[in-house]
1. Pull up region 1-26, narrow it to residues that are assigned to a loop (DSSP other than H, G, I, E, B) and over 11 Å from L63 (Cβ atoms), then point me to the one that is modelled with the highest pLDDT.
2. Among the listed residues T173, T195, T164, T222, which satisfies the condition of being among the hydroxyl-bearing types (S, T, Y), under 22 Å from D308 (Cα atoms) and under 16 Å from the mean Cα position of the chain (by Cα)?
3. May I ask you to list the residues in region 276-311 that are touching a Gly at 6+ places or on another chain (Cβ under 9 Å) and either of a type in the set (S, T, N, Q) or closer than 18 Å to R227 by Cα (or both)?
4. How many residues does region 18-54 hold that are closer than 23 Å to S106 by Cα and open to solvent by 80 Å² or more (accessible area, probe 1.4 Å)?
5. Conditions first: (1) surrounded by fewer than 20 Cβ atoms within 10 Å (Cβ to Cβ); (2) more than 21 Å from D308 (Cα to Cα); (3) touching a helix residue (DSSP H, G or I) at 6+ places or on another chain (Cβ under 8 Å). P156 passes all but one, so which condition is the exception?
6. Just to be sure I understand, how many residues within region 263-302 are assigned to a helix (DSSP H, G or I), open to solvent by 60 Å² or more (accessible area, probe 1.4 Å), over 19 Å from N214 (Cβ atoms) and without any contact (Cβ under 8 Å) to a residue 24 or more places away in the chain?
7. Looking only at region 45-100, which residues are among the charged types (D, E, K, R) and in contact (Cβ under 8 Å) with a residue 12 or more places away in the chain?
8. I'd like to check which helices (runs of 4 or more DSSP H) are fully inside region 162-239 and have at least 2 residues that are modelled with pLDDT of 90 or more and open to solvent by 10 Å² or more (accessible area, probe 1.4 Å).
Amino acid sequence: MKNLPVFLMGCGGVGRQLLQHIVSCRSLHAKQGLHLRVVGVCDSKSLVVVADVLSAEFDDSFLLEVCRVKSNGSSLQTLANSGVCQVFSGPEVIRKVIDIGLLGKSTGLAFVDCSASAETIGVLNQVVDFGCCVVLANKKPLTVPMEDYDKLVSQPRRLRHESTVGAGLPVITSLNRIISSGDPVYRIIGSLSGTLGYVMSEVEDGKPFSQVVNAAESLGYTEPDPRDDLGGMDVARKALILARLLGRRLNLDNMKIESLYPEEMGPDVMPLEDFLVNGLPLLDQKIEDRIKQASANGNVLRYVCLIDDAR
């Protein structure tokens, strides 16, 4: 039985789903000769970790309790009296995570980043240097400036990030195989946002844009702030990840990105709740008009990324 220690960074919707999936797939993993040993979980403010990273693990009941606590909006610190973990908070979190990486490098410890933060790149670069593995659902560490990106991908055998583009579809693997075989890739074009695809399809059915976006947000389809999707930034990050796999030395500010909302509704100007309640309805007519225009031309409106030799 191969025993793989796992440290989870980020315990939002994606992180909690991963923990639940690990628990529900124990019998499947056993048939595959694999046991995933979760040794720690952290969010942006707190950390819970086993007493001995080299041998101990959280049992399944504790992992489900972590999911329950976080889904209720509570802090991981509320688990301090459970008797099965050490709890750290504040500035201690980053230092302790790095210590765990240094300690766990001999065991093949895998750091799984399910957060939505760009701030994890510093820790990830350090633990990769230690010899740990890194698995990303979080796109932001792969779209940082090239200097930090180069450090992260310098050990390709220790890095996996398939779900950053295309969710469960093998987009990254397929592209890497094409490149490795020596076939040139001249152009990539695609609708890379399932969220925006859902939004546009629903609006085409006659529903107001604001109503659809709010529904998508409540269903967990969008990023924590839907403006990451509506501003095109989520698609841009996916496009940048693919472009960099092709060897392009690009940063986000080299990309032409069209936002579906104006600057005065941006995160630095308008609070999220204000945007969802008051800002979105102001966009309904414009989006409806664009969809009607597309339909009149025999087309549909979709948010598309394009990567070619020139742009």
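The values are calculated or read from the model by the stated rules, or taken from the named source; none is laboratory data. Keep in mind that this is a model prediction, so the values were computed, not measured. Backbone-built Cβ (ideal geometry, glycine too); neighbour counts: all protein chains shown. These accessible areas exclude ligands, DNA and RNA; they are computed on the full protein's heavy atoms, side chains included. Shrake-Rupley method; radii C 1.70, N 1.55, O 1.52, S 1.80 Å.
1. C25
2. Only one candidate passes the filter, namely T164.
3. Passing the criteria: R302, Y303, V304, C305.
4. Looking only at that region, the number is 3.
5. Here P156 meets the rest and fails (3).
6. Count: 7.
7. K45, E57, D59, D60, E65, K70, E92, K96
8. Helices (runs of 4 or more DSSP H) meeting the threshold: 171-180, 194-204, 209-218.
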